[in-house]
1. Suppose every K and R has +1 on its Cβ and every D and E has -1 on its Cβ; what is the size of the dipole of region 36-423 about the Cα centre, in Debye to the nearest 20?
2. Report, in deg cm²/dmol and to the nearest 500, the calculated mean residue ellipticity at 222 nm for the chain, where each DSSP H run with n ≥ 4 adds -39500 (n - 2.57) and the sum is divided by the residue count.
3. Based on DSSP loop calls and a cut-off of at most 10 other Cβ atoms within 10 Å, the longest stretch of the chain free of exposed trypsin sites (Lys or Arg not before Pro) is what?
4. What is the angle, in °, between the Cα long axis of helix 152-161 and the longest principal axis of the Cα atoms in the chain? Nearest 10 is fine, range 0 to 90.
5. I need the calculated FRET efficiency for the pair L251 and E131, taking r as the beta carbon distance and R₀ as 51 Å, to the nearest 0.05.
6. Quick check: residue separation of H389 and F38 times 0.36 nm, minus the Cα distance between them. What number comes out in nm?
7. Could you point to the residue in G92, I246, F313 farthest towards the positive end of the chain's charge dipole, with +1 and -1 charges on the Cβ of Lys/Arg and Asp/Glu respectively?
8. Check cross-link reach from K249 to the lysines: straight Cα distance under 27 Å, and skip same-chain residues fewer than eight apart.
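Nothing in this text is a laboratory measurement; each read-out follows from the coordinates by a stated rule. Quantities reported herein were computed from a predicted structural model and do not represent experimental measurements. Virtual Cβ from ideal backbone geometry, glycine too; neighbours counted across all protein chains shown.
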Amino acid sequence: MIILMVILLLILVFMGLPLFIGLLAAAMLGLYVNQVEFTAIVIEIFRLANSPVLLAIPLFTFTGYLLAEGNTGARMVRFSRSLLGWLPGGHGVVAIITCAFFTSLTGATGITIIALGGLLFPMLIAEKYEEDFTLGLLTISGSLGLHFPPCLAVILYGFVSGVNIEKLFIAGILPGILIISIPAVYSIYKGKKWNLNRPPFSSKEFLSAFREAMWELPIPLVIIAGIYSGLNTATEAAAITVGYVIIIKTLVFRELSFFKDLPGIAIESMKMVGSILIIMGAALGFTNYLIDAFIPIKILHFLEGFIQSRVGFLLVLNLFLIVVGCMMDIFSAILVIVPLIVPLAARFGIDPVHLGIIFIANLGIGYNTPPVGLNLFIASSRFKRPVVHLYKATLPFLLLLLTGLFIITYFPALTLFLPKLLMNS
């Protein structure tokens, strides 16, 4: 009977049953089998509601939605272009950096592709970039920037895993720069090969673009400085940031009306937050069952049968997480998968901060991995191209990102250098 119910539940999930309902049903079924009261789920949801870190999620989400409105994207593109447009392949570098900046603020790769795709695609085509290169570049650029503050994925990972969020933000800086640099170098190589137009650097245009973007450029730096200096926590930084963005959007740029636009944007952002919190509550209940059933220990014993080394575990972990990244959005993956892999990684001596950076890097790559990577379908819809065409266009960039993942995975000093230098000093 139990097996039939599990099979039925899996069929319903694949047919489109909402994830939170599937997780709750699985948790209740597991607790029933193990003769544990359902109040265990309520206790986990209560623990979630009382977490002070939880406040940062709606605040940073609202900030991202505010920045997605108006001309923030256009200002970032103009500034990056004035600074880097003179490089061979410089416009490709501009696209990469702008998208990474935008994704770090919004926390959603799809929003970046949709919001900036229409601006960057014609710009790159007009500069004589090949269409497949442009499509691949813009598709993968949506998942860059996930390691940088105030990205929601980092906050959520810290909450679920119990790892210090401030340390995760600092640890993600160098790996994030690496993930951006590899496709940027490839763009420069292509720019030289194709002998693309290189407009000379103009100090006048740079200063004009800087004056236009100067209100938004410092946002990530201010967040890092505030957290690292001890002046505020991640939650306090979120509150300061959302207040600052409201001021510049309504009073400085006058792109949004405080009374006409902000309520609607707040409602839309809270819809996303609400969906995340519902999944979080269900996932925590499911995690409670997994722990009570000793599932992580059973998986560990299974892995120990054929994986004897840390290197082997990391290889299997990367393959598994990329598949997960194809099948699930990053927030759901964090909530469901992290409680399983944290004790396994600890058994193989992997630093929990390093594990977090590896996890986020994998999920970002999974977004772009055929056949069902989410960014492939979003880009297909945004650029009106068949998704199979996107498979081909993103393949070179996917290989480059996998190279970056290899470096991040097997050279932990890249991740742990700054936290040890800054947070232990």
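1. Details: 24 positive and 19 negative charges, 200 e Å.
Using Cβ point charges on Lys, Arg, Asp and Glu, region 36-423 gives about 960 debye.
2. Numbers: 22 runs with 318 residues, N = 425.
Only helices count here, giving -24500 deg cm²/dmol.
3. 1-253
4. It is inclined by approximately 20 degrees.
5. Numbers: r = 41 Å, r/R0 = 0.81.
Once the sixth-power term is evaluated, E becomes 0.80.
6. On the way: separation 351, 0.36 × 351 = 126.36 nm, distance 4.78 nm.
The H389-F38 span can extend by a further 121.6 nm.
7. G92
8. Hits, sequence-local ones excluded: K204, K260, K271.
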